[in-house]
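This report refers to the structure that appears directly beneath it.
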Amino acid sequence: MITHPNCKINLGLHVVCRRPDGYHDLQTIFVPVPLCDELEIVPASQFAFHQEGIAIDGPMDDNLCVKAYRLMMSHYPDVGPVAMRLNKQIPFGAGLGGGSSDAAFVLVMLRSLFHIEVSDQRLEQLAAQIGADCPFFIRNVAAYATGIGDILEPIHLDLSGYKMVLLKPSDAVSTREAYGGIRPNAVDRPDLRQAVNRPIDEWKDLIVNDFEATVFPLHPRIVFLKDFLYRQGALYAAMSGSGSTLFGLFDKDCSVDLSALPPSEILSVI
């Protein structure tokens, strides 16, 4: 069985408050994006995991795909040994949720492969044990997210009529760095569900990613790329999540000239 775990962008991200457990309550809108890894899982005599593509440092046991497999196996004894191959194309530390997507797809694939009777809702609960972004990728539809990003309310949002450009500089932004200077604010925040129903050319004044305030002063290249997208005619541009990826939304017929950028900074034009 082969699938293609996709990434996501965040439309807006409000850090509302710090929780007693040390995490933060958020408000954001997750949108699936067709920039994908490749994941293959087949039954085997013993468990094996192989990764290719973008290298990820660290022991195999720390990989979210492996954690997802072991979590599923611990709850459902019908899950047998598999050989798993991950071709990693979505960069990590980019705010795109690539690792979370891989883990969520493992849960869904194992359900199908071993005919496990488990609901999407239960898979979302298991996915939340792996990471805050993981539950979103179980149903993989646009959703308003609260809590730590694990409480999901599907919404209707269709961006298929627009061109999307994803840019990522070499700068890496760690979660610790992004949260380092954040100041939670629960007062007078626009409702993101209402904001995304406004025309896209109004989003610039309505939809904000709070992490830009902490990340931009430390990473001028990220600031440059956001400004670059607007100079190219983006209707809306922003940083995704707490990572370093910038996305821009353009009219379909808008000509976007990326020739001035290093090819390594151009993730995708969709």
Sorted by average packing, counted as other Cβ atoms within 10 angstrom per residue and highest first, what order do 98-110, 141-153 take? 98-110, 141-153
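Over the chain, average the accessible area per residue using a 1.4 Å probe and give it in Å², no decimals. Don't jump to the answer; show the numbers that get you there.
Working: 12480 Å² over 270 residues.
That works out to 46 Å² per residue.
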Dipole of the chain (Lys/Arg Cβ +1, Asp/Glu Cβ -1, origin at the Cα centre): which of Val106, Pro190, Tyr69 lies farthest to the positive side? Pro190
Evaluate the charge dipole of region 143-206 about its Cα centre and quote only its size in Debye, nearest 20, assuming +1 on the Cβ of each Lys and Arg and -1 on the Cβ of each Asp and Glu. 160 debye
Answer with one residue from Phe224, Ser259, Phe136: the one whose Cα lies farthest towards the positive end of the charge dipole of the chain, charges on Cβ with Lys, Arg +1 and Asp, Glu -1. Phe224
Bridge orientation stat for region 38-137 from DSSP, antiparallel percent rounded to 5, came to 50 percent
Note down the Stokes-Einstein diffusion coefficient of region 178-270 in µm²/s, whole number, using a Kirkwood radius over alpha carbon pairs, 20 °C, and 1.002 mPa s. 147 µm²/s
Would you mind listing how long region 1-116 runs along its three principal axes, going by Cα atoms, in whole Å with the largest first? 47, 31, 27
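May I ask you to derive the relative contact order of the chain, considering only C-alpha pairs under 8 Å and at least 6 residues apart, and to give it as an integer percent?
In percent, rounded to a whole number, it is 23.
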Given region 75-166 reduced to its alpha-carbon atoms as identical point scatterers, what log10 I(q)/I(0) does the Debye formula return at q = 0.11, 0.12, 0.21 Å⁻¹? -0.37, -0.44, -1.15
Once amide hydrogens are built 1.01 Å from N within the peptide plane, the residues lying 5 or more places from Gly243 or on another chain with amide H under 5 Å from its amide H are Gly95
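Once you list every other residue whose beta carbon is under 13 Å from the beta carbon of Pro135, what net charge do they have if Lys and Arg are +1 and Asp and Glu are -1?
-2
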If amide hydrogens are placed 1.01 Å from N in the peptide plane, which non-local residues have theirs closer than 5 Å to the one on Ala238? Phe247
Debye, to nearest 20: dipole size of region 45-149, +1 on Lys, Arg Cβ, -1 on Asp, Glu Cβ: 100 debye
How large, in percent, is the carbon and sulfur part of the accessible surface of the chain at a probe radius of 1.4 Å? 51 percent
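Given the chain, what percent of its DSSP beta bridges are antiparallel, to the nearest 5?
Numbers: 39 of 46 bridges.
The antiparallel proportion sits near 85 percent.
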Which value, in Å to one decimal place, does the Kirkwood hydrodynamic radius take for region 114-247 when every pair of different Cα atoms is included? 16.8 Å
Mind listing the long-range amide H neighbours of Gln51? Cut-off is under 5 Å, sequence gap 5 or more, other chains count too, H placed in the peptide plane at 1.01 Å from N. Leu86
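The values are calculated or read from the model by the stated rules, or taken from the named source; none is laboratory data. Treat the numbers as computed from the prediction; the structure is a model and nothing was measured. Counting neighbours? That spans all protein chains shown, and the Cβs are built from the backbone with ideal geometry, glycine included. All accessible areas refer to the heavy atoms of the entire protein, side chains included, with ligands and DNA or RNA removed. Shrake-Rupley method; radii C 1.70, N 1.55, O 1.52, S 1.80 Å.
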